[in-house]
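Novice: Have a look at this one before I ask anything.
Read-outs throughout are calculated quantities, based only on the coordinates presented, and are distinct from any laboratory measurement. Not measured: the values here are computed from a predicted model. Cβ: placed from backbone, ideal geometry, glycine included. Neighbour counts: every protein chain shown.
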Amino acid sequence: MKTTFDIAPSILDDAREIARRERTTLRELVEAGLLMVIRERRQGSTYEPTDARVGGSGLSTEFQGADWSRIRAAAYGEPTRGTMTDETPKR
């Protein structure tokens, strides 16, 4: 079946180059790409993130119960803001 659609020139150029290099047709590349998308969408998302956990037993006692801003400040060497310490005047 013939159909017409607009495609970005850069994508078309890349597709033509691949078709020429692989000695196939643009039509076959488009059909293969459409089939891949159709199968993927019918199956739903199959992405699973890589397990990036590291050994250990959680936060050190210094940071247990701390809010994220305090943990981030310590990680990046920033002064903590808004925390009540002996140096901070109490209101």
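Novice: Looking only at segment 32-61, which residues are in a loop (DSSP other than H, G, I, E, B) and within 22 Å of the chain's Cα centre (by Cα)? Walk me through how you get there before you give the answer.
Specialist: First pass over segment 32-61, keeping only residues in a loop (DSSP other than H, G, I, E, B): 44-61.
Within segment 32-61, Gly44, Ser45, Thr46, Tyr47, Glu48, Pro49, Thr50, Asp51, Ala52, Arg53, Val54 meet the criteria.
Novice: Note down all Cβ pairs under 8 Å where the first residue falls in segment 34-52 and is of a type outside the set (S, T, N, Q), the second is exposed (fewer than 10 other Cβ atoms within 10 Å of the Cβ), and they're at least six residues apart or on different chains.
Specialist: Glu40/Thr46
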